[in-house]
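Novice: Sharing a structure below in structure tokens format, with a few things to ask.
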Amino acid sequence: MKTKWIKFLLLVGCLSLATTGYAVEKVVATVNGTPILNSQVKQALGKRADTAANRAAALDDVIDDMLVQKAIKDAKISVSQQQIQQIMHQIANENGLTYGQFLDALDYQGIGEAKFRQQIAHQIIMGQVRNKAISESISVSREQIEKLGKQMYNEAKQKGTLKTVKSPQYLVSHILIKTNPLLNDAQAKKQLSSLRSDIIAGKTTFAAAAKTYSKDYLSGANGGSLDWNFPEVYEPEFQSMVKNSKKGVISQPFKTKYGWHILEVVDKRDGDKTKEAYMQKAYQQVVNQQAMEASKDWVKTLRKSADIKILQK
């Protein structure tokens, strides 16, 4: 009989322990239906004093972490081992260590290589997800940039700190032939090649050919001249051809999204790009300010779209 009572008491004790354990693991909040346990909040609390304010802050930390993890999962971004390897080598170099010494240092701190690789991958993905969200939230108007750029330019001029910026500027003429249902790429290219040959042979001039054949009617009326410009104003293919063409030499036919072209760099000079430089500076300042603000508000934005229920603080 005594043995039975001992077994019974042991069973009751086990049930009590199980019940106590269950009580500790109470749900204090849910995020999109996923429960947050009291033990998670205690873990996040760490060595901070167990006060109501600190528990609330710890709960916020857990919620924020869950939202970030969900954003990372939803983004479906992968990181290659090569990316991770490059970063690990970079960290080693920045600390004046060989790669082997770096791995030894990790081991000394009780951090396994595999775990460290996972941490790096997590940081890369989190950064990409955050940066994508931030970039999508940035909105810059032309008027905003022009106003700030002029203000920065005038202030620098008044203070005597204005820095003149020079950059190559080109006087370019071109002839544009557009494709259509009756004129394909090969035919447009052939037509420009023929015009180029005639100009080189002296049968016609570039200006005359532009006035007659160019489908860029605005420049065509001016003999193909695009006036003085910095190459950055043109499409990438056109810009590249301008930079790589010799003065007075007519280019081979090339294609852009507008059609087929030939061009001639008529002249080149050092242009004053000071105002443009201040506009670019203004643009970078506005973008950086918005990026900083968006970065601070990123988790707040995640919270707004989440279903968060606080059951017990």
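Novice: For segment 81-137, rounded, prolate or oblate, judged on the Cα gyration tensor with a ≥ b ≥ c (square roots of eigenvalues), a/c < 1.5 rounded, else prolate if a/b > b/c?
Specialist: prolate
Novice: So if R0 is 22 Å, what FRET efficiency would Asp198 and Asn229 give, r being the distance between their Cβ atoms, rounded to the nearest 0.05?
Specialist: E(calc), rounded to 0.05, equals 0.25.
Novice: In deg cm²/dmol and to the nearest 500, what is the mean residue ellipticity at 222 nm of the chain if only DSSP H runs of at least 4 residues count, each as -39500 (n - 2.57), divided by the residue total?
Specialist: After summing the helix terms and dividing by residue count, I get -20000 deg cm²/dmol.
Novice: Say the dipole of segment 81-137 comes from +1 at the beta carbon of Lys and Arg and -1 at that of Asp and Glu; which of Ala133, Gly96, Ile111 then lies farthest toward its positive end?
Specialist: So the residue we want is Ala133.
Novice: Report, in debye and to the nearest 20, how large the dipole of the chain comes out about its Cα centre when Lys and Arg carry +1 and Asp and Glu carry -1 on their Cβ.
Specialist: The calculation lands at about 460 debye.
Novice: Now for a separate question. Please identify the trypsin sites (Lys or Arg not before Pro) of segment 127-198 that satisfy two criteria: DSSP loop assignment and at most 13 other Cβ atoms within 10 Å. Which are they?
Specialist: On the way: sites: Arg130, Lys132, Arg142, Lys147, Lys150, Lys157, Lys159, Lys163, Lys166, Lys178, Lys189, Lys190, Arg196; in loops: Lys163, Lys178.
In loop regions of segment 127-198 (DSSP not H, G, I, E or B), the sparsely surrounded trypsin sites (Lys or Arg not before Pro) are Lys163, Lys178.
Novice: Still on this structure: Taking the number of other C-beta atoms within 10 Å as the exposure measure, put Glu293, Glu276 in order starting with the fewest. Display every interim value, and only then the final one.
Specialist: Working: Glu293 13, Glu276 16.
Ranking Glu293, Glu276 by Cβ neighbours within 10 Å, fewest first, gives Glu293, Glu276.
Novice: Here's another thing I want to ask about it. Quick one: if you take sqrt(5λ) for each eigenvalue of the C-alpha gyration tensor of segment 166-272, what semi-axes come out, biggest first, whole angstrom?
Specialist: After scaling each eigenvalue by five and taking roots: 22, 15, 12 Å.
Novice: If you don't mind, there's one more thing I want to ask. If you take the alpha carbon radius of gyration of the chain and divide it by 2.2 N^0.38 Å, what ratio comes out, to two decimals? Write out the running numbers ahead of the final one.
Specialist: Working: Rg = 33.6 Å, N = 313, 2.2 N^0.38 = 19.5 Å.
Output field value: 1.72.
Novice: Please compute the net charge surrounding Ile111, taking Lys and Arg as +1 and Asp and Glu as -1 over other residues with Cβ under 12 Å from its Cβ. Walk me through the numbers on the way to the answer.
Specialist: Details: positive: Lys115, Arg117; negative: Asp104, Asp107, Glu113.
Summing Lys/Arg as +1 and Asp/Glu as -1 gives -1.
Novice: A further question on this structure: Below 8 Å, C-alpha to C-alpha, sequence gap of six or more: please give me the relative contact order for the chain in percent.
Specialist: 25
Novice: Scan segment 142-226 for GluC sites (Glu not before Pro) in coil per DSSP, keeping those whose Cβ has at most 13 other Cβ atoms within 10 Å, and list them by number.
Specialist: Counting only loop positions with at most 13 other Cβ atoms within 10 Å, none of the GluC sites (Glu not before Pro) in segment 142-226 qualifies.
Novice: Something else now. Going by how many other Cβ atoms sit within 10 Å of their own, how do Met241, Met292 line up, fewest first? Spell out each step's value before the answer.
Specialist: Values: Met241 22, Met292 11.
The order, fewest Cβ neighbours first, is Met292, Met241.
Novice: What residue among Val299, Met241, Gln86 has its Cα farthest toward the positive end of the dipole of the chain, where the charges are +1 on Lys, Arg and -1 on Asp, Glu, each on the Cβ?
Specialist: Val299
Novice: Quick one: order Leu148, Leu311 by neighbouring beta-carbon count within 10 Å, fewest to most.
Specialist: On the way: Leu148 18, Leu311 11.
Going from least to most buried by this count: Leu311, Leu148.
Here, each number is a calculation from the coordinates, and none is a lab measurement. Owing to the predicted nature of the structure, the values given are computational and were not obtained by experimental measurement. Every residue, glycine among them, receives a Cβ derived from its backbone with ideal geometry; neighbour counts consider all protein chains shown.
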